[in-house]
Each structure stands twice: as C-alpha cells, then as structure tokens.
1. Does the range 189-204 contain at least one residue that is surrounded by fewer than 19 Cβ atoms within 10 Å (Cβ to Cβ), at pLDDT 95 or above and in a strand (DSSP E or B)?
2. Looking at ALA117, ALA105, ALA164, ALA157, which is the one that is under 20 Å from the mean Cα position of the chain (by Cα) and more than 30 Å from LEU26 (Cα to Cα)?
3. Could we say that HIS185 is within 17 Å of LEU104 (Cβ to Cβ) and surrounded by fewer than 18 Cβ atoms within 10 Å (Cβ to Cβ) here?
4. If a residue must be surrounded by 11 or more Cβ atoms within 10 Å (Cβ to Cβ) and either of a type in the set (A, V, I, L, M, F, W, C) or at pLDDT 90 or above (or both), how many such residues does the range 75-100 contain?
5. Looking at the range 208-229, is at least one residue among the hydroxyl-bearing types (Ser, Thr, Tyr) and touching a residue at least 24 places away in the same chain (Cβ under 8 Å)?
6. Provide a single number: the residues in the range 47-74 that are modelled with pLDDT of 75 or more, part of a loop (DSSP other than H, G, I, E, B) and over 13 Å from VAL28 (Cα atoms).
7. Might you let me know whether the range 112-122 holds any residue that is over 24 Å from SER218 (Cβ atoms) and part of a loop (DSSP other than H, G, I, E, B)?
8. Could you tell me whether any residue of the range 141-155 is buried (at least 19 other Cβ atoms within 10 Å of the Cβ), at pLDDT 95 or above and closer than 21 Å to ASP193 by Cα?
Amino acid sequence: MDTDDFATRVAGVAALAEPVRRELYLYVAAQPAPVSRDQASEAVGVPRHTAKFHLDRLVEEGLLDIDFKRPSGRSGPGAGRPTKRYRRSTREVTVALPERRYDLAGRLMAQAIDDSARDGTPVLDSLHRAAAEQGSVIGEQTRQRLGPHPTRERRVAATCDTLADYGYEPRHTDRAVVLANCPFHALVEEHTDLVCGMNLALIDAAVTELGDDALQASLEPAAGRCCVVIATERR
C-alpha cells in the first residue's frame with residue numbers, strides 16, 4: 001500500500017468517526033433507493049444545512065455517490081431544479097494494520113476451485129498454478145520498475161518495492177529478503193500448509209520472472225513473519 005492510498009483509506013474511515021456523519025451514512029446505506037437531503041435530515045433529526053454539510057463530506061471521501069432527479073412527473077422548463085440524492089458508494093474502504101490481503105487470497109482460491117472443477121486437477125495443484133500466475137504478474141510489475149541493464153542490487157530493491165505494495169513488508173538483510181508481514185495472517189494460522197504453499201508459489205514465480213538465478217524463494221517458517229524468504233546471493 002503506497003502512502004497516498006493509505007492516506008485515502010484512513011481519511012475515508014476517519015470520516016465516520018463524527019457521530020452525525022456516521023448516522024447519516026448508516027441511514028443512507030440502509031435505504032433501497034437514493035435519498036434526498038430532506039429525507040436524510042428528517043430521519044436523523046438534524047437541520048437540513050447540517051445534513052448537507054455531512055452528506056457532501058461523505059461524497060468527498062468516496063463513501064457516498066450522488067445523482068440528480070427532477071420532482072416526479074415534471075419535465076421541461078419550469079419543472080424545478082433537480083433534487084440531489086445520495087446513495088452508498090460501491091467503493092470498499094478498509095484499513096488493516098499490518099496490511100492484509102484476504103481479497104487476493106480469496107481470488108486465488110476461487111480461481112483454483114473453478115479450474116479444478118473444470119479440468120479435474122487436484123485443487124491444491126490448481127491453487128499453486130493460480131498463485132504462480134499472479135506471481136508472474138507481480139514479477140512483471142517489478143520488471144517495469146527496472147531501468148536498462150539492472151544490477152542485482154537494483155533487482156532486489158525493485159522486488160522489495162513491489163512486494164511492499166502487496167503488504168509483505170520486505171526487509172533486505174545481507175544475503176536475503178525477509179518478509180516481515182504475511183498478508184494472509186488469519187488464514188495461515190488455521191491453514192498453514194495451504195497458505196504457505198500458495199505464498200511460495202506466488203513469490204517464487206515473482207522472482208523467477210526477473211531472470212536472476214541468485215534470487216531464490218524458499219520456505220523458512222519463523223514466528224512473527226511470512227514463511228517465505230528470498231535469498232539474494234548464490235548459496
């Protein structure tokens with residue numbers, strides 16, 4: 001997660017800390033159709049100008065969307081100004097510290113189940129294949145950070161930058177990259193072998209994409225960090 005993305009997520013969540021704003025958001029979210037300022041202010045019991053201020057702030061933070069509709073049955077000149085209406089945004093706003101990526105794990109597992117049902121392959125093999133495909137995407141993202149004729153040091157730095165975007169919190173030591181955070185923490189606690197195998201397939205494919213055989217991913221489980229370590233020197 002980069003700094004701008006983190007700031008946006010925090011701001012969105014923080015916007016709901018204000019009690020009136022939170023009540024307005026919950027009211028709008030619970031309605032089957034968009035609501036006007038008058039409807040929202042009446043439902044929550046605040047003046048219209050107060051409702052307007054907080055509703056528009058929720059729009060600015062991406063938590064509500066708006067549309068405009070003329071009064072029912074009216075059209076053309078003299079029909080009056082369209083009414084501004086609010087509805088819950090489809091944008092998802094979450095903040096997890098340390099960062100978690102259960103959405104990514106869910107997509108890989110869903111793809112694995114679909115592939116297994118279609119092809120008749122063991123679901124674990126399908127999961128490793130799906131993770132490797134995602135890892136290749138991550139590796140390509142790393143390659144795009146590199147200039148021409150990159151050094152190994154630059155490959156390692158770019159790998160750390162890309163894995164940081166996925167929440168792994170990489171730490172480059174003398175001969176390895178240690179991943180201080182597992183983005184799938186809650187899953188790995190109950191399904192260790194499954195998730196660690198998925199992690200290894202993903203990260204191994206990511207570093208393989210760089211074409212440097214000194215960069216090798218391996219399982220080296222330890223408490224308080226991801227189970228995968230990336231060697232940066234030939235052993």
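1. No: the range 189-204 contains no residue that is surrounded by fewer than 19 Cβ atoms within 10 Å (Cβ to Cβ), at pLDDT 95 or above and in a strand (DSSP E or B).
2. Details: ALA117 fails: under 20 Å from the mean Cα position of the chain (by Cα); ALA105 fails: more than 30 Å from LEU26 (Cα to Cα); ALA157 fails: under 20 Å from the mean Cα position of the chain (by Cα).
It is ALA164.
3. Values: within 17 Å of LEU104 (Cβ to Cβ): yes; surrounded by fewer than 18 Cβ atoms within 10 Å (Cβ to Cβ): yes.
Answer is yes for this residue.
4. Result for the range 75-100: 9.
5. Quick first cut of the range 208-229, residues among the hydroxyl-bearing types (Ser, Thr, Tyr) only: 208, 218.
If we keep only those that are touching a residue at least 24 places away in the same chain (Cβ under 8 Å) as well, we get 208.
Yes: one or more hits.
6. Going residue by residue through the range 47-74, those that are modelled with pLDDT of 75 or more are 47-69.
If we keep only those that are part of a loop (DSSP other than H, G, I, E, B) as well, we get 47, 61-63.
Then drop every residue that is not over 13 Å from VAL28 (Cα atoms), which leaves 47, 61-62.
Of the residues in the range 47-74, 3 are modelled with pLDDT of 75 or more, part of a loop (DSSP other than H, G, I, E, B) and over 13 Å from VAL28 (Cα atoms).
7. Here is the first cut: in the range 112-122, the ones over 24 Å from SER218 (Cβ atoms) are 113-121.
Of the ones still in play, those that are also part of a loop (DSSP other than H, G, I, E, B) are 120-121.
There is at least one residue in the range 112-122 that is over 24 Å from SER218 (Cβ atoms) and part of a loop (DSSP other than H, G, I, E, B).
8. The answer is no, given that none of the residues of the range 141-155 is buried (at least 19 other Cβ atoms within 10 Å of the Cβ), at pLDDT 95 or above and closer than 21 Å to ASP193 by Cα.
The values are calculated or read from the model by the stated rules, or taken from the named source; none is laboratory data. If you're wondering where the values come from, they're calculated on a predicted model, not measured in any experiment. Glycine gets a Cβ as well: all are built from the backbone with ideal geometry, and neighbour counts include every protein chain shown.
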